[in-house]
1. What area, in nm² and to one decimal, does the C-alpha convex hull of segment 1-46 cast on average over all directions?
2. Could you tell me what % of all Cα pairs in segment 45-85 have separations over 11 Å?
3. Which value in deg cm²/dmol, rounded to the nearest 500, describes the helix-derived mean residue ellipticity at 222 nm for the chain, given -39,500 (n - 2.57) per DSSP H run of n ≥ 4 and division by the residue count?
4. Over what distance in Å are the Cα centres of segment 72-87 and segment 18-55 separated?
5. Pull up all non-local amide H partners of Ile56: gap of 5 or more, or a different chain, and H-to-H distance under 5 Å with H placed in the peptide plane.
6. Sum up the charges of everything whose Cβ sits under 11 Å from the Cβ of Ala74, counting Lys and Arg as +1 and Asp and Glu as -1, but leave Ala74 out.
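Since every read-out is calculated from the coordinates, none of them should be taken as a lab result. What you see is a predicted model; the values in this text were computed from it and never measured. When we count neighbours, we look across all protein chains shown, and the Cβ atoms used for this are built from the backbone with ideal geometry, even at glycine.
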Amino acid sequence: IRLGDGVLIGPKTNLISSDHPLPASERSAFITRAPITIEANAWLGAAVTVLPGVTIGRGAVVGAGAVVTKDVPANTLVTGTAAFARKRWDD
């Protein structure tokens with residue numbers, strides 16, 4: 001897990017960098033890992049969950065309770081359980 005300068009992380013946030021294969025026959029055999037990168041000045045609200053392999057861009061804001069399953073562009077607000085991009089801005 002890589003955190004840039006000035007990152008703010010709210011309480012009860014989960015940064016999950018490991019996972020398991022989807023096929024039931026493989027789940028107990030091994031665990032997969034992928035890095036999480038949160039770039040400078042990003043802000044994660046309370047109870048955010050970030051899944052393996054995700055990069056959250058510089059200055060992005062992740063709303064409380066969001067589940068982030070894919071990369072968040074810089075200077076973008078994402079909210080909701082699917083971390084839907086709602087707004088973008090220039091810095």
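1. Numbers: hull surface 15.4 nm².
Mean shadow area of the hull around the Cα atoms is 3.8 nm².
2. On the way: 448 of 820 pairs.
Tail of the P(r) past 11 Å holds 55 percent of the pairs.
3. Taking each H run of at least 4 residues, the total per residue is -500 deg cm²/dmol.
4. 17
5. HN-HN under 5 Å from Ile56: Thr37, Ile38, Glu39, Val72.
6. Details: positive: Arg58, Arg88; negative: Glu39, Asp71, Asp90, Asp91.
So the environment of Ala74 carries a net charge of -2.
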